[in-house]
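Written below as structure tokens is the structure these notes are about.
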Amino acid sequence: MKVLIAEDDRWSRDLVATITASLRHDATCVHDGQQAWDAFQLGGFEVLISDWRMPNLDGLELIKRVRASPGPRYTYIILITAQSEREHWLSAMAAGADDFIAKPLEPELLTVRLSVAERIVSLHAQMRQLAQIIPMCSYCRKIREADQAWLPLEAYVAQHTDSAFSHGICPECVEKYVRPELAELKRVREKTRDPL
């Protein structure tokens, strides 16, 4: 997984980076919230591990920005802080954090939380892939909608995109369908003209 680590304390940042690397994840480290936001916007991070109190942009505001920005994939967020009171935990979760770890960091706890993050990220990726599958009838090429109604392909595309269809016949279908149909029509015409 690609992991973004935002932590202003060097010792904590190095510890998180070491644990992340030991689990064979690709880590990018920054030392404040604004750098984390700038890096996040470049894309591709599946996990964000952020300290709460950081210069320039705190972890809570960073989380809110991440959750407000649409992206192609879900980012699992772990917030790390010395503030372990219930109110802080609730604020972090309300802002969009998926997990919350109190300082001082316990390596085993972070390792377990990263394995949970990996499972969740994997499930989100599978769901995204399944959502992209369009159920189509193998015979008539109609598309099944969420309400179980079957629409012709052209109607489905028109409803879900700004595209429209113009019809034609490809060279393969001319040879496979049109020429035999024309030959059959010609044969039938000639047969009906035959004065037997």
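Listed by position, the helices (runs of 4 or more DSSP H) enclosed by segment 94-194 that each have at least 3 residues that are of a type in the set (A, V, I, L, M) and assigned by TED's automatic domain parsing to the domain that holds residue 79 are 107-131. Identify, please: which residue in segment 35-54 is of a type in the set (D, E, K, R) and closer than 15 Å to residue 79 by Cα and is, among those, surrounded by the most Cβ atoms within 10 Å (Cβ to Cβ)? Here the answer is 51.
Tell me, please, whether a residue that is in the same structural domain as residue 127 (by TED's automatic domain parsing), in contact with a helix residue (DSSP H, G or I) (Cβ under 9 Å, 6 or more places away or on another chain), closer than 30 Å to residue 129 by Cβ and not hydrophobic (A, V, I, L, M, F, W, C) can be found in segment 44-52. Yes; the residues of segment 44-52 include at least one that is in the same structural domain as residue 127 (by TED's automatic domain parsing), in contact with a helix residue (DSSP H, G or I) (Cβ under 9 Å, 6 or more places away or on another chain), closer than 30 Å to residue 129 by Cβ and not hydrophobic (A, V, I, L, M, F, W, C). If we keep just the residues of segment 156-174 that are surrounded by 11 or more Cβ atoms within 10 Å (Cβ to Cβ) and either in contact with a strand residue (DSSP E or B) (Cβ under 8 Å, 6 or more places away or on another chain) or farther than 30 Å from residue 132 by Cβ (or both), which is modelled with the highest pLDDT? The qualifying residue modelled with the highest pLDDT is 174. Residue count for segment 75-95 under the criterion of being among the polar types (S, T, N, Q) and within 27 Å of the chain's Cα centre (by Cα): the result is 2. Number of residues in segment 55-81 that are among the aromatic types (Phe, Trp, Tyr) and surrounded by fewer than 22 Cβ atoms within 10 Å (Cβ to Cβ) equals 1.
Select from segment 120-144 the residues that are among the basic types (Lys, Arg) and within 19 Å of residue 71 (Cα to Cα) and list them in ascending order. Listed by number, the list holds a single entry, 128. Under the condition of being touching a Phe, Trp or Tyr at 6+ places or on another chain (Cβ under 6 Å) and closer than 27 Å to residue 17 by Cα, which residue from segment 114-145 is surrounded by the most Cβ atoms within 10 Å (Cβ to Cβ)? The qualifying residue surrounded by the most Cβ atoms within 10 Å (Cβ to Cβ) is 117.
Condition check ((1) in a strand (DSSP E or B); (2) touching a Gly at 6+ places or on another chain (Cβ under 6 Å)) across all residues:
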{"site": "5", "(1), (2)": "yes, no"}
{"site": "8", "(1), (2)": "no, no"}
{"site": "20", "(1), (2)": "no, no"}
{"site": "41", "(1), (2)": "no, no"}
{"site": "56", "(1), (2)": "no, yes"}
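The values are calculated or read from the model by the stated rules, or taken from the named source; none is laboratory data. In this text the structure is predicted, and so the values were computed from the model without any measurement. Cβ coordinates were reconstructed from backbone atoms using ideal geometry, including for glycine residues, and neighbour counts include every protein chain displayed.
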